[in-house]
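For reference, the structure discussed in these notes is given below.
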Amino acid sequence: MIGTNNILNKNGNYLIYSDKHHHNQIWQGTLDSISFDEKGIKSKLLNLDKPCYIIRVEGKIGATNEGYLYAYNPEKIEQAEILIAVPPILTKQLGDQNFLNFHGVKYAYATGAMAQGIASEELVIALGKEKILSSFGAGGLSPARVEAAINHIQQALPQGPYAFNLLHSPSEPAIERSLVDLYLKYQIRTIEASAFLDLTDNIIYYRAAGLSLNPANQIEIKNKIIAKISRREVATKFIQPAPIKILKQLVEQGLISELQASLAEKIPVADDITTEADSGGHTDNRPLICLLPSILELRDEIQKKYSYEKPVRVGVAGGIATPQSALAAFMMGAAYVVTGSINQSCIEAGTSEHTKHLLAQAEMADVMMAPAADMFEMGVKLQVLKRGTLFPLRAQKLFELYKNYDSIEDIPLPEREKLEKQVLRKSLEAVWEETVTYLSQRNPDKLTKAVNNPKLKMALIFRWYLGLSSRWSNFGEKGREMDYQIWCGPAMGSFNDWVRGSYLSDYKNRHVVDVANQIMTGAAFLYRMQSLKIQGLQMPPSYSEYHPIKFR
């Protein structure tokens, strides 16, 4: 083959290098350190802590991590010629180094706050002990339950890192405020704000209450915000400073000082923006390759206007499940990556064994959109698993009934009987009694409105099923398996495809820290392989494959 040099390995595959450039460096080292077979070459490529040299010796091409380079001598024969040299590549080099420094973590990798404690204390602590940022899934939990989680996590991780979720609750603003009060009381320094349609005084209160000036007269930000968004208009609000109107109201209420309000006008609302693509749970199903460039461009536009000392970082979530997807995000400019769906199949997640088993069997097409409990009347949907459960179909039926009728009594009797027998498994009266008991404690104002509003009463009865179905999934409610609401995106299927045939194919072997390490190590390895390919090295596909391997 003209213009190339080949070495035939044991499997009959070729390692090919195209001679497009003149080389003026020679490799010096022991020939014993060079591998020429596929297994040996792969081990050298995987040794990411050391440089990798692609060497040609007597017409044969191999790889080594040892030796050094020196100038080419045309008078000397039988020299070991260096074809390509790539430096060490460490996982901490991926993403934005400012993210690592700001949050005190070792990776530009975080795990998202899966609601109702799916992102459990155990999950957050396991990752935190390895200096990986994880957000506790406070959404949908009572303040007392969140307070217990705060005490548990702070005791285990007194120095962090950890975060807590603040889920936007447009229908229950008091719940949102109670969480902010808790976070301020216990000095929770990082929150992940999600599902926000607009800024609320609650989140601005949290942000501004943590502002002060240090001895050098610089703004000190104690309360950090990571905002999860999927729309430009929402991202704009978090990248810009807090609205002056809200700041004035907080000052008038005595919640923040004049100084804090003034400082809040000089910094963005959020430190980090997580661009959420096609994810589990609440999602706009946006393609990552379209959404991320748009948000990066938006961030740059706003940065030019305000000239923040520390520009807002932009990370990605939704679809991150493999080394390939993580590397793709980093190469597109993501400051960090966030995983979600894949973590709930791990041992530490607050999901039942049955749910973990279903998730481990899921394929990319085994998901669909279904009505959301928290924004049911608005027609908001979320992405769930459809394999092994009838929840999404039954939930969609409830929304159709709500849309077509003005009250429970208007629903035809055969439909009501079917609803009681197949879905609710209780009489409508019994469900309403339970709803009354629940709302009397949590939201008495809504209960008062429902008494004189048949449409709202119907919505609340249906929300009984939508709300409990996710809890049944988490706690493993026996006999309700076909009603499990399991938040899940196509990333779950992608992850299962990647780990198939490895020890991680069994969900009982899945640990969140191991998954994080595998994805980040794999991304670094694939980056090295792409660097070699760009420089002219052609390899069989098996060389570039990264499968989960047990770390020592």
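The values are calculated or read from the model by the stated rules, or taken from the named source; none is laboratory data. It should be emphasised that the depicted structure is a prediction, and the values quoted were computed from it without experimental measurement. With ideal geometry, Cβ positions are generated from the backbone for all residues, glycine too; neighbour counts draw on all protein chains shown. In case anyone asks, the SASA skips ligands and DNA or RNA and just uses the protein heavy atoms, side chains included. Shrake-Rupley method; radii C 1.70, N 1.55, O 1.52, S 1.80 Å.
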If we ask which residues in region 109-127 are farther than 18 Å from Ile229 by Cβ, out of contact with any Leu (no Cβ under 7 Å at 6 or more places or on another chain) and small (Gly, Ala, Ser), their number turns out to be 3
Ser505 fails exactly one of (1) modelled with pLDDT under 95; (2) open to solvent by 50 Å² or more (accessible area, probe 1.4 Å), namely (1)
Of those in region 436-460 that are within 34 Å of the chain's Cα centre (by Cα) and under 19 Å from Arg394 (Cα atoms), the residue surrounded by the fewest Cβ atoms within 10 Å (Cβ to Cβ) is Ala459
Per the filter on region 267-278, residues more than 20 Å from Met331 (Cβ to Cβ) and in contact (Cβ under 8 Å) with a residue 60 or more places away in the chain are Val269, Ala270, Asp271
By residue number, the members of region 512-538 that are assigned to a strand (DSSP E or B) and of a type outside the set (A, V, I, L, M, F, W, C) are Gln538
**Message:** Could you go through region 162-177 and let me know if any residue there is touching a Ser or Thr at 6+ places or on another chain (Cβ under 9 Å) and over 27 Å from Leu466 (Cβ atoms).
**Reply:** yes
If we keep only residues of region 269-281 that are open to solvent by 10 Å² or more (accessible area, probe 1.4 Å) and at pLDDT 95 or above, then the residue nearest to Lys222 (Cα to Cα) is Asp271
When region 348-367 is checked residue by residue, the ones that are out of contact with any Asp or Glu (no Cβ under 6 Å at 6 or more places or on another chain) and either farther than 16 Å from Met492 by Cβ or among the hydroxyl-bearing types (Ser, Thr, Tyr) (or both) are Gly350, Thr351, Ser352, Glu353, Thr355
Filtering region 393-408 down to residues that are in contact with a strand residue (DSSP E or B) (Cβ under 8 Å, 6 or more places away or on another chain) and either over 16 Å from Leu419 (Cβ atoms) or of a type in the set (Phe, Trp, Tyr) (or both) yields Phe399
Original post:
Is one or more of the residues making up region 150-172 surrounded by fewer than 17 Cβ atoms within 10 Å (Cβ to Cβ), of a type in the set (A, V, I, L, M) and at pLDDT below 95?
Top reply: no
Scanning region 381-427 residue by residue, those small (Gly, Ala, Ser) and more than 33 Å from the chain's Cα centre (by Cα) turn out to be Ser407, Ser427
Per the filter on region 433-475, residues touching an Asp or Glu at 6+ places or on another chain (Cβ under 7 Å), touching a residue at least 24 places away in the same chain (Cβ under 8 Å) and assigned to a helix (DSSP H, G or I) are Pro454, Lys455, Ala459, Trp464, Ser469
Restricting region 282-296 to residues that are in a loop (DSSP other than H, G, I, E, B) and touching a residue at least 40 places away in the same chain (Cβ under 8 Å), the one farthest from Ile219 (Cα to Cα) turns out to be Asn285
For region 6-65, the count of residues that are assigned to a loop (DSSP other than H, G, I, E, B) and modelled with pLDDT of 90 or more equals 9
>> Please verify whether Ile229 is in contact with a strand residue (DSSP E or B) (Cβ under 8 Å, 6 or more places away or on another chain) and open to solvent by 10 Å² or more (accessible area, probe 1.4 Å), treating the condition exactly as stated.
In response: no
Would you call Leu141 open to solvent by less than 50 Å² (accessible area, probe 1.4 Å), not in a strand (DSSP E or B) and not polar (S, T, N, Q)?
yes
message: Against the condition in contact with a helix residue (DSSP H, G or I) (Cβ under 7 Å, 6 or more places away or on another chain), more than 25 Å from Gly140 (Cα to Cα) and open to solvent by 50 Å² or more (accessible area, probe 1.4 Å), how does Arg510 come out, does it pass?
response: no
The condition from (1) within 16 Å of Val234 (Cβ to Cβ); (2) outside any strand (DSSP E or B); (3) touching a strand residue (DSSP E or B) at 6+ places or on another chain (Cβ under 9 Å); (4) open to solvent by less than 20 Å² (accessible area, probe 1.4 Å) that Arg299 misses is numbered (4)
Please tell me if Glu233 is under 22 Å from the mean Cα position of the chain (by Cα) and farther than 24 Å from Thr111 by Cα. yes
Check: Do the conditions hold for Val499, that is, is it in contact with a Leu (Cβ under 7 Å, 6 or more places away or on another chain), open to solvent by less than 40 Å² (accessible area, probe 1.4 Å), β-branched (Val, Ile, Thr) and at pLDDT 95 or above?
Finding: no
| query | Residues in region 539-550: is at least one surrounded by 20 or more Cβ atoms within 10 Å (Cβ to Cβ), of a type in the set (Lys, Arg) and not in a helix (DSSP H, G or I)? | reply | no
